[in-house]
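Asks: Before anything else, here's the structure in question.
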Amino acid sequence: MEKDLILTAIKKTGVVAVIRADNEEQAYKITDACLEGGISSLEITFTVPRAHNIIESLDKKYGNDILLGAGTVLDPETARIAILSGAKYIVSPYLNTDMIKLCNRYQVPTMPGVMTIKEVVEAMEAGADILKIFPGGVFGPKIIKDIKGPLPQAQLMPTGGVSIDNVQEWIKAGAVAVGVGSSLTKGAKTGDYDLVTKMAKEFIKKVKIARG
């Protein structure tokens, strides 16, 4: 899938599921639950053991039915492994310009973590596609408006601190999408995947309402 199509699809849904699965089976179940709830953008974090194997398995099973990304990517080497395993976009908790350069070489969207105006400008100059406001819970939705004041062209996606109670605030503040982890997938810890589907539907619903 081409880079522009991937970015458009992520923004259209407005929610990226951040998955920290214990194994491939759990990753499959969370993926199925999210898909049933309307979320097709899924980020497998590299804090998960053998994350690249899980990404490869999910890519083979679902193909273009999901927008599969890799998260918690800290360096270009890991980014390349993720891309070769099937990741369609790369997410990092911080700004690493070498990683952005590598991803741009292969036309893979990047979402580096930023928090300050300086980091936002540096990330955009380096060629980042969407800027991950992380950890979002430190300042809350207000930081989106504060950043977009001087930098209205910034494409911002908060992760960390996004919940079903404040997701509309983030979207109304100007976020192009939100990254959601435990508040979405918490049901998986007890095997309640119906709850994951229910939460996915709620997040999608609230994003639509916020967008009017």
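Asks: Considering the stretch 1-36 alone, what residues qualify as being open to solvent by 10 Å² or more (accessible area, probe 1.4 Å), small (G, A, S) and more than 15 Å from the chain's Cα centre (by Cα)?
Replies: The answer is none; no residue qualifies.
Asks: Let me ask something else about it. So, in the stretch 193-207, how many residues would count as being open to solvent by 100 Å² or more (accessible area, probe 1.4 Å) and touching a residue at least 24 places away in the same chain (Cβ under 8 Å)? Give the steps one after another, and end with the answer.
Replies: Let us first name the residues in the stretch 193-207 that are open to solvent by 100 Å² or more (accessible area, probe 1.4 Å), namely 194, 198, 201, 205.
Add one more test, that the residue is touching a residue at least 24 places away in the same chain (Cβ under 8 Å), and what stays is 194, 198, 201.
Within the stretch 193-207, residues that are open to solvent by 100 Å² or more (accessible area, probe 1.4 Å) and touching a residue at least 24 places away in the same chain (Cβ under 8 Å) number 3.
Asks: Does any residue in the stretch 127-151 that is on the phi > 0 side of the Ramachandran plot come within less than 8 Å, Cβ to Cβ, of a residue that is surrounded by fewer than 23 Cβ atoms within 10 Å (Cβ to Cβ) and of a type in the set (K, R) six or more places away or on a different chain, and which pairs are these?
Replies: From residues that are on the phi > 0 side of the Ramachandran plot, the pairs are G127/K101.
Asks: Helices (runs of 4 or more DSSP H) wholly in the stretch 64-150 with at least 2 residues that are over 20 Å from H52 (Cα atoms) - which ones?
Replies: Details: elements: 76-85, 97-105, 117-126, 142-148.
Fully inside the stretch 64-150 and qualifying: 97-105, 117-126, 142-148.
Asks: Any residue at all in the stretch 43-58 that's closer than 19 Å to V196 by Cα, touching a residue at least 40 places away in the same chain (Cβ under 8 Å), of a type outside the set (G, A, S) and open to solvent by 30 Å² or more (accessible area, probe 1.4 Å)?
Replies: The answer is no, given that none of the residues of the stretch 43-58 is closer than 19 Å to V196 by Cα, touching a residue at least 40 places away in the same chain (Cβ under 8 Å), of a type outside the set (G, A, S) and open to solvent by 30 Å² or more (accessible area, probe 1.4 Å).
Asks: I want to confirm something. Restricting to the stretch 1-49 and keeping residues that are of a type in the set (D, E, K, R) and in contact with a strand residue (DSSP E or B) (Cβ under 7 Å, 6 or more places away or on another chain), which single residue is modelled with the highest pLDDT?
Replies: Taking the stretch 1-49 first, the residues of a type in the set (D, E, K, R) are 2-4, 11-12, 20, 22, 24-25, 29, 32, 36, 43.
This time we only want the ones that are in contact with a strand residue (DSSP E or B) (Cβ under 7 Å, 6 or more places away or on another chain), so: 20, 43.
Values: R20: 91, E43: 97.
Among those that are of a type in the set (D, E, K, R) and in contact with a strand residue (DSSP E or B) (Cβ under 7 Å, 6 or more places away or on another chain), it is E43.
Asks: Now, a different point. Looking for something in contact with a helix residue (DSSP H, G or I) (Cβ under 7 Å, 6 or more places away or on another chain) and not in a helix (DSSP H, G or I) - is there at least one such residue anywhere in the stretch 191-201?
Replies: So far as the stretch 191-201 goes, no, none of its residues is in contact with a helix residue (DSSP H, G or I) (Cβ under 7 Å, 6 or more places away or on another chain) and not in a helix (DSSP H, G or I).
Asks: Considering only residues that are under 18 Å from E119 (Cβ atoms) and open to solvent by 20 Å² or more (accessible area, probe 1.4 Å), which ones fall in the stretch 152-163?
Replies: At the first step, the residues of the stretch 152-163 found to be under 18 Å from E119 (Cβ atoms) are 152-161.
Answer for the stretch 152-163, where residues must be under 18 Å from E119 (Cβ atoms) and open to solvent by 20 Å² or more (accessible area, probe 1.4 Å): P152, Q153, Q155, G160, G161.
For (1) over 22 Å from R20 (Cβ atoms); (2) small (G, A, S); (3) open to solvent by 10 Å² or more (accessible area, probe 1.4 Å), each residue gets a yes or a no:
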position	(1), (2), (3)
M99	no, no, no
I130	no, no, no
F134	no, no, yes
K145	yes, no, yes
D165	no, no, yes
S183	no, yes, yes
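Quick grid of which residues meet (1) in contact with an Asp or Glu (Cβ under 9 Å, 6 or more places away or on another chain); (2) open to solvent by 10 Å² or more (accessible area, probe 1.4 Å):
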residue	(1), (2)
I39	no, no
L84	yes, yes
A87	yes, no
P93	no, yes
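The values are calculated or read from the model by the stated rules, or taken from the named source; none is laboratory data. Computed from a predicted model, the values in this text were never measured in an experiment. With ideal geometry, Cβ positions are generated from the backbone for all residues, glycine too; neighbour counts draw on all protein chains shown. Heads up: the accessible areas ignore ligands, DNA and RNA and are worked out on the full protein's heavy atoms, side chains in. Shrake-Rupley method; radii C 1.70, N 1.55, O 1.52, S 1.80 Å.
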